[in-house]
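**Q** Next up is a structure, given as structure tokens.
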Amino acid sequence: MLDFMTQLTNLKRPKLLVSAARLGQNDYRRKTHLKRILGGAIPTKASATLIQLFDLENHQNTLRKTRDATYSAARHTEVLIALIAEHQRKHSI
């Protein structure tokens, strides 16, 4: 399995989606947003959180690419914001 940095670096997403996620970083509040995004408790280990976020983001990207009617650009953006923020948090500790 690739390390998180490699996985994050290898993500190929539309520029608009990535730009929106980067702009959203300033408003990201871990306690509030992460609990909602993950649908419950926040894992105690940073790696477990990142794994869940990678899975969620991958699912959102699959929905986007297949043009699934349930795809939400807003949801995809918030998951990507959390993924980037949590990755930065893990590496700043």
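**Q** Can you tell me the relative contact order of the stretch 15-92? Whole percent, Cα pairs under 8 Å, sequence separation 6 or more.
**A** Reported relative contact order: 45 percent.
**Q** Right, next: For a protection proxy built on the mean count of beta-carbon atoms within 10 angstrom, sort 47-56, 26-35 highest first, please.
**A** Ranking, from highest mean packing down: 47-56, 26-35.
**Q** Of the listed pairs Lys65/Lys90; Lys45/Lys90; Lys12/Lys65; Lys15/Lys65, which have alpha-carbon separations greater than 21 Å here?
**A** Lys65/Lys90, as the Cα separations exceed 21 Å there.
**Q** Length gain on complete extension for the stretch Asp55 to Ser72, per 0.36 nm per residue less the alpha carbon to alpha carbon distance?
**A** 4.5 nm
**Q** With +1 on each Lys and Arg Cβ and -1 on each Asp and Glu Cβ, how big is the dipole of the chain about its Cα centre, in debye rounded to the nearest 20?
**A** Once rounded to the nearest 20, the dipole reads 180 debye.
Any read-out appearing in this document is the output of simple, stated calculations on the displayed coordinates, not a laboratory observation. Bear in mind that the values here come from a model prediction, so they are computed numbers and not experimental data. Positions of Cβ are backbone-derived with ideal geometry, glycine not excepted, and every protein chain shown enters the neighbour counts.
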